[in-house]
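Comments concern the structure below.
Every read-out reported here was derived from the displayed coordinates using simple, explicitly stated rules and does not represent laboratory data. These figures come from a predicted structure and were not determined experimentally. So basically every Cβ, Gly included, is an ideal-geometry build from the backbone, and we count neighbours across all protein chains shown.
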Amino acid sequence: MTSMIAMSGGVDSSVAAALTADARGPDACVGGSSAVAASPVAYPFVAAATGQQMDRSVVGDKTFDINTEGLAHVGMLPDFIADMEVQGLSRSDLDPLLQSAEGYLTLWERTWSRRAILVQPSIAGDYDGDKKADFVIWRPGDGTWYTLSRNQQWGQAGDIPVLGDFDGDGKTDFVVWRPSEGNWYVIHRSDGSQRVEQWGQAGDIPA
């Protein structure tokens, strides 16, 4: 089973000073050194995230080099990642960072696709006209309504079940709203007739 872990990476003012310190220039931190740490990023380099060739960043009259100035601005993140590669980090080491944006978007896409279910109010209604609420569930996988007195297939995966008496007979009707079309699909409990009404658009939530 494959799992996805989205990692969020950020640079704020509390860590900016540490990230902007260079590793090899005149302001490099004192302490131990190694051949790997001393190896510079060779420009132009191929950006790990895009596969595109990148040269030194130029802002106005200033040319920035990760080797001597560190992560001087956020536009040098590709340079920073290239520096990590020079220091020995593999693609698998960098994947959680490089795929974090995609993982974040995928997480929200899944959440958004389920929003109607998460906010869906109860569809417990009076389906048999005895003036009492009935136990009812709607199964999204096959679009089937289950009540104690009757099962009814009405709807499909992706539909949103809706509570209401749309013909005024005192019985709750079987109703779904289809987000992909903005259509309401109704089976009237009074006579079993079917009705389709277009009202809404993708992204709406029936209320």
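Values as computed for the structure displayed
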| read-out | value |
| --- | --- |
| Gained length - Gln52 relative to Glu109, 0.36 nm times residue gap less alpha-carbon distance | 17.8 nm |
| Förster radius 22 Å - calculated FRET efficiency between Ala157 and Ile205 (Cβ-Cβ, nearest 0.05) | 0.80 |
| Reach of Lys62 by Cα under 17 Å, taken over aspartates and glutamates that are not fewer than 8 positions away in the same chain | Asp22, Asp79 |
